[in-house]
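J.: A single structure is presented below for examination.
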Amino acid sequence: MATLEPPITVKYLDTAAAYDLWSSVYDTDSNFLQALDSLEMASLLPELTSLIASPKPWKLVDLGCGTGRNTVHLVALPDVEVIGLDLSPKMLEVARGRLEAAAPGGGFLLRVFDVSNPGDGVPQGADAVVSTLVLEHVALGVYFAAAAGMLKEGGLLLVTNMHEEMGRISQAGFIDPHTGEKIRPKSYAHSIEEVVAEAGRNGFEVVEGFWERRVTEENWQSFGPRAEKWVGIKVWYGGILRKTATS
């Protein structure tokens, strides 16, 4: 007789605590959405930098930088100052090790930052902000107000997120290797229409996108085995916005 597996216990934590726990396995737990996002960023980052109109040196902010997956590509650009911000101190520890190996000369700053309670710690005058797979965890009005406060007039925001079609079924989370529990942080299922509308209320206009990506029978293997169960579902969207001169 087959033995039934015990059900997985789901534990909900605040976002900082969840990502502190996640940091030890975040880059190795076969997160297919992260893999898809990295593939998209291979073309989106060059597109972003081609659209920056201001002269160098540039100030670039990675908002919700996590383990530095995108930050490491920003510090590789010439004549830039890079600031990585994240709510989780443990994620920033991983990012620091990655960036120190990639850019031993420095050129970057990492700081704990709560977009929902930024206080007086908001970077000013950025030429561009990169923010991937972060929106899911933040109220839209809070997020876009903070991003607008970081950017100079005409500055650019590259944003990606879990698609609301996926978000209505699931949310970000991981299996804690120590307890076997499913850990989930706070999560929202923001639609593209809601994102564009709230961005507009905070002085942004869409420059490129929004693009949507669906897992298909033809592409799921590119994102890892955990993508197979999402075949037929839209899982990702992204775009580039500009802070207008009137914001």
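Read-outs throughout are calculated quantities, based only on the coordinates presented, and are distinct from any laboratory measurement. Given the structure is predicted, the values throughout are model-derived calculations rather than measurements. When we count neighbours, we look across all protein chains shown, and the Cβ atoms used for this are built from the backbone with ideal geometry, even at glycine.
J.: If the cut-off is a Cα-Cα distance under 12 Å, which aspartates and glutamates reach Lys234, setting aside same-chain residues fewer than 8 apart in sequence?
T.: Glu164, Glu165, Glu212
J.: For Glu193 and Asp14, calculate 0.36 nm times their separation in residues minus their Cα-Cα distance, and state this gained length in nm to one decimal.
T.: Value of the extension gain: 61.8 nm.
J.: Over the Cα atoms of the chain, compute the convex hull volume and normalise it per residue, giving Å³.
T.: Taking only Cα atoms, the chain has a hull volume of 131 Å³ per residue.
J.: Distance check, please: which entries in Lys11/Lys229; Lys90/Lys229; Lys90/Lys243; Lys90/Lys182; Lys90/Lys186; Lys56/Lys152 exceed 24 angstrom between their Cα atoms?
T.: Lys90/Lys229; Lys90/Lys243
J.: A follow-up question, please. With the Cα gyration tensor of the range 51-161 in hand, give its eigenvalues times 5 under a square root as the equivalent ellipsoid semi-axes, listed largest first in whole angstrom.
T.: 20, 18, 11
J.: Here's a follow-up. Which value in nm describes the separation of the simple spin-label points at Lys229 and Lys152, placed 7 Å from the Cα toward the beta carbon?
T.: About 4.7 nm, to one decimal.
J.: Within the range 60-104, whose backbone N sits under 14 Å from a point 7 Å along Cα→Cβ of Ser116?
T.: 87-88
J.: Same structure again: Using a 10 Å cut-off on Cβ atoms, rank the peptides 155-168, 135-148, 208-221, 24-37 from the highest mean neighbour count down.
T.: 155-168, 135-148, 24-37, 208-221
J.: Sticking with this structure for a sec: Provide the FRET efficiency to the nearest 0.05 for the Ala101-Gln124 pair, computing r from the beta carbons and using R0 = 30 Å.
T.: 0.55
J.: When the Cα centres of the range 141-157 and the range 209-245 are compared, how far apart do they sit, in Å?
T.: 24
J.: Taking the beta-carbon count within 10 Å as an exposure proxy, list Ile83, Ile169 from fewest neighbours to most.
T.: Starting with the residue having the fewest Cβ neighbours, the order is Ile169, Ile83.
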